[in-house]
1. Can you give the Rg/Rh ratio of the stretch A:1-60, where Rg is from the C-alpha atoms and Rh is the Kirkwood radius?
2. With n ≥ 4 as the cut-off for DSSP H runs, can you work out [θ] at 222 nm for the protein assembly as shown, using -39500 (n - 2.57) per run divided by the number of residues, rounded to the nearest 500?
3. Scaled to the compact-protein estimate 2.2 N^0.38 Å, what is the alpha-carbon radius of gyration of the stretch B:49-172, rounded to two decimal places?
4. In µm²/s, what is D for the stretch A:22-225 at 10 °C and 1.306 mPa s, where D = kT/(6 pi eta Rh) by Stokes-Einstein and Rh is the Kirkwood radius from Cα pairs?
5. Less than 12 Å Cβ to Cβ from A:Q148, Lys/Arg counted +1 and Asp/Glu -1: what total charge do the surrounding residues give?
6. What is the set of long-range amide H partners of A:L290 at a cut-off below 5 Å, with H atoms built 1.01 Å from backbone N?
7. Taking N as the number of residues in the protein assembly as shown, what value does Rg over Cα atoms divided by 2.2 N^0.38 Å take?
8. 7 Å from Cα along Cα→Cβ at both B:A263 and C:S11: what's the point-to-point distance in nm?
Amino acid sequence: MSEFIQLVIAGLTTGSFYALVALGYTMVYGIVRLINFAHGDIFMVGAFLGWTVLTTLAATHMPWGIGLLIALILSMILTGGLGVAVERFAYQPLLSAPPLSILITALGVSLALENGVLLIFGPGFNTYPQLIGSAGFVLGGAHITFIQVGIIILSFLLMAGLYLFVHHTFIGTAMRALAVDRDAARLMGINVERVIQITFFLGSSLAAVAGVMEGLYYTEINFFMGFIVGLRAFTAAVLGGIGNIPGAMAGGLLIGLLEAFSAGYISSRWTDVIVFLVLIGTLVVKPTGLFGERVVERM
Amino acid sequence: MIKPILYAALPLLLAVGAASASAADTIKIGVPVPLSGPYAAAGTDILNAAKLAADDINASGGVLGKKIDIMAEDDGCDAQMGVQAAQKMIDGGVAVVAGGYCSGAGLPELIALHRAGVPFILDAQTNPKLTSMGFNNVFRTIGRDDEQGPFAAKFMSGYLHAKKVAVINDNTVYSKGLADNTVSALKKDGVDVVYDDSVTPGQMDYSAVLSHVASLDPQVIDYTGYFAEAGLMAKEAAALHLKPQLMGGDATQDPTLIKTAGAAANGWICTTAPLPQFLTGAKQFVTDFTKKYGTAPGPYSPYEYDAIEIAAKAVKDAGSTDPSKVIASLHTIKDYKGLTGNITFNSAGDRTVAVYITVIVKDQAFAPYVKLNAAGQWVPVQ
Amino acid sequence: MKPTMPISAASLGVAALAVAAVLPFLCDNYIVDVALTIVTYGILALGLNIVVGYAGLLDLGYAAFFAIGAYTTALLETLLNFNFWETIPVALILAGVSGIIIGYPTLRLRSDYLAIVTLGFGEIVRIIATNLNITGGPNGIYGINPANVLGHDITAPKAIYALGLVFLVIVLVLVLRLGQSRLGRAWTSLREDESAAEAVGVPTLRVKMLAYVIGALIGGLGGSLFAARFGTIDPTSFTYAQSVTILIIVVLGGRGSIPGVLLGAIIVAGLPEALRFLNLWREFVFAIALILLMLLRPQGLWPARLRRVAAPSAAAAHHTPRAEPAAQVAEATAGEPEMLLEAKGVSRVFGGLKAVSDVAFTVHRGEILSIIGPNGAGKTTVFNCLTGVLVPSAGDILWDGRSLTRLAPHRVVARGLARTFQGIRLFDNMTVFENVLVGMDHRFRVPLLAELIGLPSARRDTGLHYAAGRNWLEFVGLGDKAGLRAGDLPYGDQRRLEIARGLAGQPRLLLLDEPAAGMNPTEKQSLMGLIRRIRDLGTTVLLIEHDMLLVMGVSDRIIVMDRGQIIAEGPPSAIQANPRVIEAYLGTEEEVEDDGSLGAPILGAMA
């Protein structure tokens, strides 16, 4: 029983990271029909920006709580800005080009971000300061740390906030309108470019939060860290039904749990095979993912 | 749009071709190391050691009246790039190739060099397979994984008195090889191996695996992978309040492990070939290296230094840069006094005596721990 | 339109091959080795190009097939002492089978989902190779023997290069022939508009599967070559990054363009070698270059030319026996029954909304039957039920006494029903002539292999097809526009091309969905004539149309639908006098204003 609880906690923690990153994939896809392959690396850049701010502030002897908050906010803003810049310079000119061209550009951006960070920060690992210890409590024989609980709660709050934003604000409504029909939205007077930029900003900011949390929780960050998280998050977004916000959250948590259970009860080396088989199986049964809706084509 | 690129690339390709035709007034030693990609830092440490060795040799008059010229090629730790790097060095007329970091690139490089009859001295590729293919052109200044494995097993059973052990690897060539050799030696020693499986490197969260392993109640958890995951495991094991002793192979011996795990790193033990700073013969080397490059040498730097020195000696003994003569002379190397101890190659090309010690993380730093003395007793490393 | 230069492109290709062939005599082994890497990537990219470039399917796991070929060769050589040549057929079979395995569950998915599923498949193959003992785990397999030719081991870099070049040429010839074949045409139509392709008779599932399988075969071949070249393989050569590299080659070079793909291979495999001196900066420079190149040339460096099969001259087409429209129709309609089609109680529900309910009617041989009704009356839904696009919720549709429901659209086409679309759905990036050919390719009976080799029987059939296609273009008045890009045609011509594409399939029944929409009066007049001529040839016509002048002018019989039901049926004169019809059309003011072609003309025609 204690092992089961331990696995659930591990799964929810990693699942929270996947879910936050998956939101970025799903929002961008919903609005511009682009699989933003660079999104995992945006997450990585978020972690590095947070690290830079934190280590700079560490020299000023500021209370670490405030330093952390500043690092988180600055990383969100800067990473959000990076997302917008990538959209503006690399994707926007290609929005009407064949979809594969923009996909390859996204792969190029991914490679450029990874190697850019490698050039600036070096190929090795950088480590976050040990701000939060492993203090925690015992539940049903399982050891749970406060930071795990914090990560899960913060992710849920952010996801709920995003959901409310998309459904109860003007910009959110505009985003949903764009997702249905970009041209119609433009005719209705929506500033399409602006809404796309806001989408990229939001998605990238959420990835930055995930990146900083990842740095705090696991301590070590590396230019390559976005790959696995990006891949899992992308899988999560598709599993939940790409373009669907609750789907991305559910998908992320599901993948996290799946990963923990397969590592705990089967074998860690088969995790990826299991995750992909579950994904393929789901898509065969429900081709649009768990929460996706069927698109009827007009003839 | 097309043509400018071709025109731009063409002179480069031609220049690369022309470079190989330069005069043979130097003795070329090829050094294939990763200079791009995730292992570039390790590759640079190795290359710098090679350059330092060449400078030292050249400062004392060179070999056969000629200067040593290090021909460095990026192999990116990749099979395809490695073969091309090897080919480039063969075409460049190297007398001997000495260096490398990854076994994965080393193997295809070795095959290409074997086909061309060029000797290859390995400095960091510890996979046993490289010297067990029956090739006569391969030599190695570092120990093999299948020597470290039994040492680690002996340490667990003999020193830690473990009855139940969990061995985790990361399914890379090095890690799986070390794990396999450790597990078979443990079983031979009568130790119960309760867990022997792989994790995916880069996955960050190993608490699921660790929880499961802990439920099997081992006294030691031995991770044979690299330092990044080792640090995470130390950190996550502490959060899970796990009891077993944690340890790892030589690839876990890196300051990153300590930075990642913080206080949780204390008590982590590594089996390793002695680091430069723990090698009595390498004091001067560490000083020179640090002075010249501004950083301390990497774990494999002294092995590369020895590899280059031996390469130079072999050329000198052969009195020729003809690779086949250099191979013959390498087989006669006996009791060469290197930074890393006495070097004699056996018929397969491996060192007859490989030295291993253990180190332990104490007060946030690696400190020498224990080693086996000649009498088979565990004694503290001085 | 892009300048076309078929002759210079071909001669350039020959020149490039000649340079590649003499390379070993001019350069040292290192250059030859890099060239061999380019050749290997060239082979792989040509294979992936079939999937991505020709058929327009995304594949992010192509390295899996490469791995399967390499591991098959390695295992058979090391465990069962096969020689290199004996391993190739097995490697091809296994790669092909895995193409089916990956293809089958994914073919029904949207292309964006394909990205993750193929990526997953690639990872699964790599992880299995890493985890199993038989594949050597992470160590992989070593001691793979080189290929042996006439008693000589192919180990020297120049010899392996020569072998690779031979493989490349074989693949190149195959790919070129495939591109020109009807399968290549089907792939292109699929890429252009999948539903339209299916609706004009392309068996899209099978055609997609073939793309995967043939792509897999080429990937497997590349893998065997790779294993023999290095003498050792391990899972790190078959990563996701490898799949991405091959995809980048295809898209950067120009999807669907063979010279483009080869140029892409030279750049992607050669440039990093040329940039070796940049060390850590190399990948970054490559990434930036990739982004800039895609921004500057979204279609790729050497975009694919328009597929261009030369149409025979009008005179030649006329003199080909059995290729005249009259002969074609006679062949198709020989022995057809008096009652062609019978719809019995057909209903179709969309999420609780009854689009069509209990519709029953018959279509008789040789008539022009029109279905009219206000917008939303369910006319197009009836068409979609007849053509297999939709399965009726209830009822049955009998054709020759056999049910048509539950048949895939392309099978309905094979039974003798062809259609056009309300919104024109041509294959824009194909020529006018090729659009027609797609419509008739389902009649082609010669095996694909015979066509690829160019057997006389295949040439004869192709000749007949081309002549018939050309004649149909002549028939609708587009004879002189055969070589143009379909998307560049003026609107009215696009409508007529759709009709020609339908007719070319030798249908007994042609279904036209609002063919006059958007036409000017002159065009409508000529359309009316065209419909009559089609009927006069012997093809039965079922027409949906709003334009009452046209409907009243050509129809033998009219069915009127409103709110999913048939409210009237009879000859034009009876319909004009039917009070229910007038009520349906004049029911609300809005509808009249909504569509000017609705109310006013009907009154005009009635007057």
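1. Values: Rg = 16.3 Å, Rh = 14.0 Å.
When Rh is taken as the Kirkwood radius, the ratio is 1.17.
2. Details: 49 runs with 719 residues, N = 1288.
Taking each H run of at least 4 residues, the total per residue is -18000 deg cm²/dmol.
3. Numbers: Rg = 18.0 Å, N = 124, 2.2 N^0.38 = 13.7 Å.
Computed over Cα atoms of the stretch B:49-172, the ratio equals 1.31.
4. Values: Rh = 18.1 Å.
Translational D for this selection: 88 µm²/s.
5. Values: positive: none; negative: B:D205, B:E236.
The answer is -2.
6. Counting only residues 5 or more places away or on other chains, the set is A:G240, A:G241.
7. On the way: Rg = 35.0 Å, N = 1288, 2.2 N^0.38 = 33.4 Å.
Output field value: 1.05.
8. For the pair B:A263/C:S11, the computed spacing is 8.1 nm.
The values are calculated or read from the model by the stated rules, or taken from the named source; none is laboratory data. Bear in mind the structure is a predicted one, so any value in this text is a computation, not a measurement. Every residue, glycine among them, receives a Cβ derived from its backbone with ideal geometry; neighbour counts consider all protein chains shown. The area values use the complete protein model at the heavy-atom level, side chains included, leaving out ligands, DNA and RNA. Shrake-Rupley method; radii C 1.70, N 1.55, O 1.52, S 1.80 Å.
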